[in-house]
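Throughout, read-outs are computed from the coordinates displayed, never taken from laboratory work. Treat the numbers as computed from the prediction; the structure is a model and nothing was measured. Heads up, the Cβs are rebuilt from the backbone with ideal geometry, glycines too, and the neighbour counts pull from every protein chain shown.
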Amino acid sequence: MTTALREGGATGPVWEIRSESGVPSLNFGELWDCRSLFGFLIWRDIKVRYAQTLLGVAWVVLRPLATMLIFAPIFGRLAGIPSDGVPYPAFALVALVAWTYFAGALGSASNSLIEQAEVIGKVYYPRLFVPLAPVASDLLDSGVALGLLVPVLVVLGLVPSAPPILSLPLLFLVAACTAAGVGAGLAALTLRYRDFRYVVPFLIQGWMFASPVVYPTSLMPEGYRVLYALNPMVGVIEGCRWALLGTPAPGASVLAASAGSAAVLFFAGALYFRWAERTMVDLA
Amino acid sequence: MSARIVAEGLGKRYVIGRGGARYQHRTLREALMRAAVAPWRALNRRPGDSTQARGGEIWAVRDVSFEVADGEVFGIIGRNGAGKSTLLKILSRIVMPTCGRAVVRGRVGTLLEVGSGFHPELTGRDNVFLSGAILGMTRAEIARKFDEIVEFSGVERFLGTPVKRYSSGMYLRLAFAIAAHLDADIMIVDEVLAVGDAEFQKKCLGGMQRAAGAGRTVLFVSHNLAAVRSLCRRACVLHDGRIVQLGDVHECIGHYLDWNPDQSAASVRFDRAPGAGVWMTCATLLSDDRPATRVLMGSSLTIEVSFESDGPLHVPFVGFALADDRGELLLSGNNLYQRSPRYEIPVRRGTVRMELGTVPLMVGRYAASLSLGDVTRHDSHVVEHALWFDVVERDAWGTGQVPRAGESLLWWPTTFRLSA
């Protein structure tokens, strides 16, 4: 929508406002200039979340834990799904911590624009921050959940070893990029087609069964695993299991496929968002 | 110093779908359905059908060019729907123009509403930081001005309270205090003065005056013509998205007040504003109980306002204000300060009759501005200068003498008693 003609100087920034067409740019420069606002938006999300809930931090642990308590008897016991040699509850719980982060971040990113339609119609700030802020603020929850998960694993008799654990931030970064890209795209779509918000929960549910949350990747035929890993959550979840439970490490090709796919989804979603941004406020 | 804002041929087009919806498909289901039947439609289309089927388009802003110099306070005047807000949104980068271009030099602070970005769950202190950041301040700037902002707002004692517990007055004061301390080169201000009580409005005007005095460039939209006159030297008048007058503020105000295409209607209809929960549908001016645009001196005035609402209402809050042809407010009334009957069974539509009695206006042109709202939802529909009328001479007091126009605005019927 706008181009910075010149930055700084006595008169401050100079903007050219005109109709824009063609391929959008991500405009990282502008995002960087406004990073302090991004910080505030994340801080707001976190503060509001913890101000409103009685249980606060407990929720971030209770959600994956409760889901595990449902999954373990059904998938682990009744269906007898293998769990790569670790107890099924631990196997599911680790995956669910990563999945809960991803699903939560994706869901709130998708709804973010509709929820904040009023503000973006009244003041300009980089709109990409709207879906990105919940993706970033949810990371804190996951950090807490992971911190509380380790004692649980120890109780279950599984002591994670130190070096692989250090890969967790990178794995969550992959999940965050995916949630950010897909979430930004869905947020823009939801603003255009209001009934998209009913599609998102189905998408998330379908995505969960397309990810190795309740079953191990080892069930997949060897030859299809890289293709399967184009779903970034495959690499993320298998990576988390390796880091926390000591299951066999996902191959480099699986990790590369997941990370590469996450990067593509991030840029594609963000670019679509930037393209949709041109008519965003007209639709809001 | 070069111009702060240069606009060249700015235009904004909105496409209007059938059925009055602003956009053609609002839902995916609709879009898919349409895509599915499109080939069938194309086969069956007769020549001449297409424009009707596609609905129309509206130019909210068209061919707008002007310049605002550094340190200038520039006013934008126009009736509801003239394109003022759209123009401000283009210049603040909120919406993209369909054509034309504008160059804006400097940091822009946009104030299209008070409390942009406020979060109800957060405390006053948190919201100062949050709203400040959204309006474009850095953390260090906000921290530096924090005490000033708090002092200006006068809500020191409630800084730790979530703003959802604030009274609407406190909320406005805090929100405006943040905005007033925005250190932008260019301030873009829309109607923020229209909310709040008289004291708050005075404070706002003072803040604007200070901003202007400090050499800021201000772009100012208001229905308050007196405020525009006192703050601005240059202005433009928008009508149907186009600039119809540009230059000296007095000439602009004169032009705006003279040039009202539908000024002589005793009854006007209104469209529902997008997103409004309660709105006026129609207003009529009656003189001695007959619809009128010419009012004889000394006859009674009545204003009837019909409304509709999304939800049932016990009391629609209505108000009017009469202004003369220079835009100076003469008198006003509403049922917020004064008791009025309620609907025993809440209604979704109805008519409010405001009987003003005999208003001792002198000969001249007058305009009635109207507002109707639901205070509990902070929702109101305001139409400035909705009804225009002329007061014409009559020997109202039976003396054979008629007070002359220009002596004063009101001729006050007085009881005279003599004593020796």
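Backbone N atoms of segment B:308-333 closer than 20 Å to the 7 Å Cα→Cβ label point of B:R339 belong to residues B:314-319, B:333. Label-to-label distance for B:D258 and A:W32 is 5.6 nm, based on points extended 7 Å past Cα in the beta-carbon direction.
In the frame of its principal axes, segment B:60-258 has Cα extents of 49, 33, 29 Å, reported largest first.
Counting only residues at least eight positions apart within a chain, or on another chain, the lysines with an alpha carbon under 30 Å from that of B:K203 are A:K122, B:K84, B:K89, B:K145, B:K164. Evaluating kT/(6 pi eta Rh) at 10 °C and 1.306 mPa s, with the Kirkwood radius of chain B over Cα pairs in the Stokes-Einstein relation, gives 66 µm² s⁻¹.
If R0 equals 22 Å, the separation of the Cβ atoms of B:C282 and B:V363 corresponds to a calculated FRET efficiency of about 0.20. As a rough footprinting exposure proxy, the listed residues B:T284, B:T414, B:T351, A:T190 were ranked by other beta carbons within 10 Å of their own, and the order from fewest upward is B:T414, B:T351, B:T284, A:T190.
Here the label points at B:S332 and B:A226, each 7 Å from Cα along the C-beta direction, are separated by 0.9 nm in the simple model. Using C-alpha pairs under 8 Å with a sequence gap of at least 6, the mean separation divided by the residue count of segment A:24-283 gives a relative contact order of 27 percent.
Relative to the dominant Cα principal axis of chain A, helix A:129-155 is inclined by about 20°.
The alpha-carbon atoms of segment A:76-219 define a convex hull whose volume equals 122 cubic angstrom per residue. Over segment A:61-210, calculate the relative contact order: mean separation of alpha carbon pairs under 8 Å at least 6 apart, over the residue count, as a percent. Result for segment A:61-210 is 32 percent.
Can you say what percent of the DSSP beta bridges in the protein assembly as shown, counting only those with both residues inside, are antiparallel? Round to 5.
The antiparallel proportion sits near 80 percent.
Once the Cα atoms are used to define both axes, helix A:252-283 deviates from the longest principal axis of chain A by about 30 degrees. FRET efficiency for the B:K202 to A:L140 pair, using the beta carbon distance and R₀ = 35 Å, is estimated at 0.20.
When peptides B:63-69, B:216-222 are sorted by average Cβ neighbour count within 10 Å, with the highest value leading, the order is B:216-222, B:63-69.
Could you work out the relative contact order of segment B:267-392? I mean the mean sequence separation of Cα pairs under 8 Å and 6+ apart, divided by the number of residues, in percent. Each step should come with its number before you reach the end.
Numbers: 298 pairs, mean separation 39.1, N = 126.
With pairs under 8 Å counted, the relative contact order is 31 percent.
With bins 20 Å wide beginning at 0, the percent of Cα pairs of the protein assembly as shown falling in each bin runs 15, 41, 30, 11, 3, 0.
Largest first, the three principal axis extents of the alpha carbons in segment A:185-256 are 43, 23, 18 Å in whole numbers.
Quantify how strongly other chains surround peptide A:133-143 by giving the mean number of their Cβ atoms within 10 Å of each of its Cβ atoms.
Working: counts 0, 0, 0, 0, 0, 0, 0, 0, 0, 0, 0.
Average neighbour count from other chains, rounded to a whole number: 0.
Given only helices, namely DSSP H runs of n ≥ 4 each adding -39500 (n - 2.57), what is the per-residue ellipticity at 222 nm of chain A, to the nearest 500 deg cm²/dmol?
Details: 12 runs with 191 residues, N = 284.
Helices in chain A give a 222 nm mean residue ellipticity of -22500 deg cm²/dmol.
Which value at 222 nm does chain B reach when only helices count, each DSSP H run of 4 or more adding -39,500 (n - 2.57), with the total divided by all residues and rounded to the nearest 500 deg cm²/dmol?
Numbers: 9 runs with 102 residues, N = 420.
Calculated mean residue ellipticity at 222 nm is -7500 deg cm²/dmol.
Here segment B:267-392 yields Rg over Rh of 0.97, to two decimals, using C-alpha coordinates and the Kirkwood radius. Please list, by residue number, every one of the chymotrypsin sites (Phe, Trp or Tyr not before Pro) in segment B:305-377 that is coil in DSSP and has at most 14 other beta-carbon atoms within 10 Å. Within segment B:305-377, the qualifying chymotrypsin sites (Phe, Trp or Tyr not before Pro) (loop, at most 14 other Cβ atoms within 10 Å) are B:Y337, B:Y343. Across all C-alpha atoms in segment B:328-392, the radius of gyration and Dmax reach 14.3, 42 Å. What is the antiparallel percent of DSSP beta bridges lying wholly in segment B:267-392, to the nearest 5? That works out to approximately 95 percent antiparallel. In chain B, a dipole from Cβ-located charges (positive for Lys and Arg, negative for Asp and Glu) runs towards its positive end, and of B:I58, B:L246, B:S419 it is B:I58 whose Cα lies farthest in that direction. For the Cα atoms of chain A, what angle does the longest principal axis make with the long axis of helix A:196-209, in degrees from 0 to 90, nearest 10? Approximately 30 degrees, to the nearest 10. Once divided by 2.2 N^0.38 Å, the Cα radius of gyration of chain A becomes 1.08. List the trypsin sites (Lys or Arg not before Pro) within segment B:288-375 that DSSP assigns to loop and that have no more than 16 neighbouring Cβ atoms inside 10 Å. Here the trypsin sites (Lys or Arg not before Pro) that fit, given the DSSP loop and packing criteria, are B:R326, B:R339, B:R342.
Given charges of +1 on the Cβ of Lys and Arg and -1 on the Cβ of Asp and Glu, with all other atoms neutral, how large is the dipole of the protein assembly as shown about its Cα centre, in debye to the nearest 20?
Details: 68 positive and 61 negative charges, 220 e Å.
In total the dipole reaches around 1060 debye.
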